[in-house]
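Notes follow the structure.
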Amino acid sequence: MSAVIEIEGLVKKFGSTRALDGLDLIVEPGQIHGFIGPNGSGKSTTIRILLGLIKASGGTARLFGEDPWGRAVELHRRLAYVPGDVNLWPNLTGGETIDMLGSLRGGLDPKRRKELVDRFELDLTKKAQAYSKGNRQKVALIAALATDAELFIFDEPTSGLDPLKEAVFQECVKEITGKGHTILLSSHILGQLEHLADTFTIIRNGRTAETGTLEHLREIAVSAGRDPDSLSLEDLFLAIYSD
Amino acid sequence: MSGFAGTREAFLFALKRDRLILPVCLVGLIGWMAMYVVSYAGLYGTQAELNALYESVAGNPAMVAMSGPTGGLRSLGGAIAWDSMPALTIISGVFAMFSVIRHSRAEEEDGRTDLLLASGSGRLAPLTAALLITALALTLAAVGYFAVLAIGGYAIGPSILFSLAVLSFGLVIAGTTAVFAQVTGKARAARGLVGVVIGVSWLLRAVGDTGGGTLTWFSPLGWAQQMKPFWENLWWPLLLPTAATAFTVSLAFWLLARRDIGSGLIQPRPGPPNASNSILHPLGFSFRLQRSTMLGWTAMLFVYGFAIGVVGENIEDILKSSSAFTEAFASASSDLLDSYFASILTVIAILGAGFTISSVLRPHSEESRDRAALLLAAPLGKVRWVAGHVLIAYVASAFMIALTGLALGVGLGVATGDFSQTGTLFAAGFAQVPAMWLTGSLALFLFGVSSRLSSVAWGLLAAFILIWTLASFGNLPGWLIDLSPFSHVPAVPAVSLDMAPLLVMTALALAFTVAGLALWRRRDLV
């Protein structure tokens, strides 16, 4: 079975700055792939290229084997997306927003919607202008999780969520991968990612620094002479950035 | 007092933010006043022409309702004051409203006030700075009006009184805005409420002036006009706006000192937990986003058209009283009223093109507020999404201007009892549509080129307004006049309908629309 996401030597220039400078990223079907890197390293740029919102300047990006820029509408039927900074329409309630976003994908299953609303404890009758950051994230999360997408793209989806809802999100992620869906999850919460993801890509200055399973990343670190006892994902991440 | 700590810094910062927009507004306001002074001297050069104007206007209830008491029209200064004050006061009020909100509630809504207050600023500092910069701008504008009148050779005392009258209304609105900025948590809602206050003061003055006069004294606009510069020259009514400003500003500070930062006194009401079917498809959702703006514009243009229609019957006499005006409106047809209506319809169409632009550029504001990605990551095509907004913009623009034509006709019918013109004026409204579409399509084209270029569309509209105004007053070179689409609208109902320019403009609008969409399709989302 071919990869869901296949990126090779991806370059994106904004004027004279190179936001992406030869990035590689492969995500296989059914994987939860952790996408890690500091602010400004190019994670969101990569995701926006995958969503066909911006056009690559060089290299190739393939989504389900197709061109994300040229085939955006068709490909979007198969994915759901949650940005890290959700901005909503101030006069619409959370419930209206979830329904409207769901309608773009042909409607949500009302049972699944209700179940998610209960688990995330979202007040659907509040206008978006009255929501806190965390509650705005919940709106986008519920709208995405209530769909039956093959691929979920999460760009720091839990920023602003409290630890209880963070745990709810983790449960939801486990449930959907249990059903064979694929997830690309960009996050700064490395402890969370270490438990959730099967494979990782660490990005540095618009380029892939390391990629593979946790064991693979550990082997590389050990062969570079690191102490094998204290090698959490966080240690590995910090090690790559201290070089 | 510690509440005011940091006011100086906040004021200087506001000044820095407004370093471009403020001079532009001042030049606009003072330039407008100068235009009145220059054009009136040209149009009513002789006392005989002035007397004829007075004869046709004096005591005419419709004219009194539109522009206030007419007693001052025997002198040129009085005529200028009478004609310019309604527009100048209302525009100053709108400016004061935007300026106060921009530096107080809008900042707070975006969360920037928190930063300021957390870094040692007093909680009263932002509002104080907002009021100071607004008062400064209004005062500079008033000095400008005075200078224009003084240079024009008008008496010093009445010129000062006139400038103070306009200033006083601006300050009352600044104070009122400051109060509403505490009451509601939303900049948009606060602006809407102040808009209602301005509208109601116009209505109270209009009804009061035509009736017993009592209601006029409940209207800040009435106070300004009751000073009657260049005529009775009353200074004591200045006490009323001064007291109102002091009261509203104190009330605003009192409320500010007692409320939570980041919210208003009124909390937003809850809404439905489920979406109605009307927003469950992309076009319906776009329509919902544009609905309130559309309703506001439609109501405004309709009322304006109706009011103009009601006054219309008497306009003919006024126009005939000035030989220069008769020349200005003398076209192929001899019917002055029809020419007048044609030009009024074009003026309304240029204003209405403001709606067309804002409506076409709705995707731009969605894009710059980071909401577009949420929609476009769904299976919704880029072109389909923007084309939906553009469709709404074009249909609504056509609907609005046709309705304004209808309102003109109905207003005229109500005043004269003769509704035979209603159909003609309704049809005449449609002649304006291609020029509005062309303006909108230029905005779309700019949006297609890049997100940052989008706001240049407003500059285009300003240029069209300027060309229109200057073309009717002075001698602009023909090629410059031709640059504005609104110069090519046939003056129906005064002349027979010439379809050629309308078809050309529609074709151009279509071309720019297609090009704009094609460019948008190819560019990155910001």
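Read the figures in this text as sums done on the coordinates, not as results from a lab. For clarity, every value in this text was computed on a predicted model and none was experimentally measured. Note that each Cβ is placed from the backbone with ideal geometry, even for glycine, and that neighbours are counted across all protein chains shown.
I'd like the distance separating the alpha-carbon centroids of segment A:178-227 and segment B:35-104, in whole Å.
Result: 73 Å between the Cα centres.
Roughly how many whole Å is it from the C-alpha centroid of segment A:24-45 to that of segment B:126-147?
Each part's Cα centre sits 53 Å from the other's.
Taking square-rooted eigenvalues a ≥ b ≥ c of the alpha carbon gyration tensor, is segment B:1-265 rounded, prolate or oblate, where a/c under 1.5 means rounded and, failing that, a/b exceeding b/c means prolate?
Here segment B:1-265 falls in the prolate category.
What residues have an amide H closer than 5 Å to that of A:GLU156, excluding those fewer than 5 places away on the same chain, when H is modeled at 1.01 Å from N in the peptide plane?
When sequence neighbours closer than 5 places are left aside, the close amide H contacts are A:SER186, A:SER187.
Among B:ILE465, B:SER496, B:GLY77, which residue has its Cα positioned farthest towards the positive end of the charge dipole of chain B, with +1 placed on the Cβ of Lys and Arg, -1 on the Cβ of Asp and Glu, and the dipole taken about the Cα centre?
B:ILE465
Calculate for chain A the 222 nm mean residue ellipticity that helices alone would give, adding -39,500 (n - 2.57) per DSSP H run of length 4 or more and normalising by residue count, nearest 500 deg cm²/dmol. Spell out each step's value before the answer.
Details: 9 runs with 91 residues, N = 243.
That calculation yields -11000 deg cm²/dmol at 222 nm.
Treating the angle as unsigned and between 0 and 90°, give the value, to the nearest 10°, between the Cα long axis of helix A:94-104 and the longest Cα principal axis of chain A.
70
So in the protein assembly as shown, what percent of DSSP beta bridges are antiparallel if you round to the nearest 5? List each step's numbers first, then the result.
Working: 21 of 39 bridges.
Within the protein assembly as shown, antiparallel bridges account for around 55 percent of the total.
Specify the angular offset, from 0 to 90 degrees and rounded to the nearest 10, of the alpha carbon long axis of helix A:214-223 from the longest principal axis of the alpha carbons in chain A.
20
Take the alpha carbon gyration tensor of chain B, find the square roots of its eigenvalues, order them as a ≥ b ≥ c, and report rounded if a/c is under 1.5; if not, report prolate when a/b exceeds b/c, else oblate. Present the calculation step by step, with values, prior to reporting the outcome.
Values: a/c = 1.76, a/b = 1.07, b/c = 1.65.
Oblate, since a/c reaches 1.5 and b/c is not below a/b.
Magnitude of the Cβ-charge dipole of chain A, K/R +1 and D/E -1, about the Cα centre, nearest 20 debye? Don't jump to the answer; show the numbers that get you there.
Values: 28 positive and 34 negative charges, 215 e Å.
That gives a dipole near 1040 debye.
Please identify the helices of chain B, taking whole runs of DSSP H, that span at least 27 Å along their own axis as judged from the Cα atoms and have a mean Kyte-Doolittle score of -0.5 or higher. Kindly include the intermediate steps, with their values, before the conclusion.
On the way: long enough: B:21-43 (32 Å, 1.90); B:76-103 (39 Å, 1.16); B:125-151 (38 Å, 2.13); B:156-183 (41 Å, 1.82); B:187-210 (35 Å, 0.96); B:239-258 (29 Å, 1.40); B:282-321 (54 Å, 0.59); B:336-360 (35 Å, 1.70); B:382-416 (51 Å, 1.50); B:499-522 (35 Å, 1.47).
Within chain B the helices that satisfy the rule are B:21-43, B:76-103, B:125-151, B:156-183, B:187-210, B:239-258, B:282-321, B:336-360, B:382-416, B:499-522.
In whole Hz, what ³J(HN,Hα) sequence does segment A:113-124 give by Karplus (6.51, -1.76, 1.60; θ = phi - 60°), x for Gly and Pro?
Going residue by residue, I get 4, 5, 4, 5, 4, 5, 5, 7, 6, 9, 7, 6 Hz, with x marking Gly and Pro.
How big is the gap, in Å, between the Cα center of segment A:98-154 and the Cα center of segment B:242-302?
25
What are the aspartates and glutamates whose alpha-carbon lies under 17 Å from the alpha-carbon of A:LYS127, with same-chain residues fewer than 8 places away excluded?
Straight-line reach from A:LYS127, under 17 Å: A:GLU96, A:ASP99, B:GLU109, B:ASP110.
5 Å is the cut-off here: which amide hydrogens, built 1.01 Å from N in the peptide plane, fall below it relative to A:ARG78, excluding neighbours closer than 5 in sequence?
Residues meeting the amide H criterion: none.
Once both axes come from the Cα atoms, what is the angle between helix A:163-178 and the longest principal axis of chain A, in degrees from 0 to 90, rounded to 10?
Helix A:163-178 and the main axis of chain A meet at about 80 degrees.
Summarise the partner chain shielding of A:83-95 as one whole number: the mean count of Cβ atoms from other chains within 10 Å of each residue's Cβ. Show your work: numbers first, answer last.
Numbers: counts 5, 0, 2, 4, 7, 4, 8, 5, 9, 7, 7, 2, 5.
Across A:83-95, the average partner-chain Cβ count within 10 Å equals 5.
Give the cross-link partners of B:LYS320 among the aspartates and glutamates, using a straight C-alpha distance below 18 Å as the criterion and excluding same-chain residues fewer than 8 apart.
Once the sequence-local aspartates and glutamates are set aside, what remains near B:LYS320 is B:GLU49, B:GLU55, B:ASP83, B:ASP335, B:ASP338.
Where does chain B land at 222 nm, in deg cm²/dmol rounded to the nearest 500, when only DSSP H runs of n ≥ 4 count, each adding -39500 (n - 2.57), divided by all residues?
On the way: 23 runs with 390 residues, N = 526.
It lands at -25000 deg cm²/dmol.
Lys/Arg Cβ at +1, Asp/Glu Cβ at -1, dipole of the protein assembly as shown taken about the Cα centre: which of B:GLY6, B:LEU351, B:LEU374 is farthest positive-ward?
Positive-end residue among those listed: B:GLY6.
Considering every residue in B:381-390, what mean count of other chain Cβ atoms within 10 Å of its Cβ is obtained? Could the numbers behind the result be given before it?
Values: counts 4, 4, 1, 1, 1, 0, 0, 0, 0, 0.
Taking the mean over all residues of the peptide, I get 1.
Could you list which residues have their amide H under 5 Å from that of A:GLU28, counting only those 5 or more apart in sequence or on another chain, with H placed in the peptide plane?
Result for A:GLU28 returns A:VAL4.
Which net charge results when you count Lys and Arg as +1 and Asp and Glu as -1 among the other residues whose beta-carbon is under 15 Å from that of B:ILE392? Mind showing how you got there, number by number?
Numbers: positive: B:ARG288, B:ARG291, B:ARG362, B:ARG384; negative: B:GLU366.
So the environment of B:ILE392 carries a net charge of +3.
Please average, across the residues of B:272-278, the number of beta carbons from any other chain that are within 10 Å of each residue's own beta carbon, and give a whole number. Can you show the working numbers first?
Numbers: counts 7, 12, 9, 11, 2, 2, 0.
For peptide B:272-278, the averaged partner shielding equals 6.
Hey, if you put +1 on the Cβ of every Lys and Arg and -1 on every Asp and Glu Cβ in chain B, which of B:ALA181, B:GLY262, B:PRO126 ends up farthest toward the positive end of that dipole?
Most positive-ward Cα: B:GLY262.
Filter the cross-link list A:LYS133/A:LYS165; A:LYS126/A:LYS174; A:LYS133/A:LYS179 down to pairs whose alpha-carbon distance in this structure exceeds 20 Å.
Values: A:LYS133/A:LYS165 13 Å; A:LYS126/A:LYS174 29 Å; A:LYS133/A:LYS179 30 Å.
Those over the limit are A:LYS126/A:LYS174; A:LYS133/A:LYS179.
Kindly put A:LEU101, B:LEU240 in sequence by how many other C-beta atoms sit within 10 Å of each C-beta, fewest to most. Provide the component values of the computation, followed by the final result.
Details: A:LEU101 25, B:LEU240 18.
Listing A:LEU101, B:LEU240 from fewest to most nearby Cβ atoms yields B:LEU240, A:LEU101.
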